[in-house]
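> Handing you a structure now.
The values are calculated or read from the model by the stated rules, or taken from the named source; none is laboratory data. Note that this is a predicted model, so its numbers are computed, not measured. Quick reminder, even Gly has a Cβ in these numbers, built from the backbone with ideal geometry, and neighbours come from all protein chains shown. Just the protein is used for accessible areas: all its heavy atoms, side chains included, with ligands, DNA and RNA removed. Shrake-Rupley method; radii C 1.70, N 1.55, O 1.52, S 1.80 Å.
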Amino acid sequence: MIERWTEMGKKWLCLETTMQIAGNQELRIENCRRILEYNDIRIVVQTRDLQLSIWGKDLQVDTYATDGILIHGELQTIELEKKGGRCT
């Protein structure tokens, strides 16, 4: 029951991580905490509950703000890892 209320609270307060992908050229991630790694083939981002690894070619962070980031380049793979272990 507590887990359900926690999930509802995250949605209500807009704390949940959301991603929007436009083809394989653009990725917008909202509610991003920080960028852990950044180069032209891999970008690793920390959110509240997840660590995201974005793999591709010529990757660039075009926008970095408190509410999210915008990544451009040739997106190839997006890996989601929950804090403390892999997502199932």
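> Return yes or no: is Ile69 within 19 Å of Gly23 (Cβ to Cβ), modelled with pLDDT under 95 and open to solvent by less than 30 Å² (accessible area, probe 1.4 Å)? Walk me through it before giving the result.
Working: within 19 Å of Gly23 (Cβ to Cβ): yes; modelled with pLDDT under 95: yes; open to solvent by less than 30 Å² (accessible area, probe 1.4 Å): yes.
In short, yes.
> Specify which of the listed residues (Thr6, Thr77, Thr63) is modelled with pLDDT under 85, of a type in the set (S, T, N, Q) and assigned to a strand (DSSP E or B).
Of Thr6, Thr77, Thr63, the one residue that is modelled with pLDDT under 85, of a type in the set (S, T, N, Q) and assigned to a strand (DSSP E or B) is Thr63.
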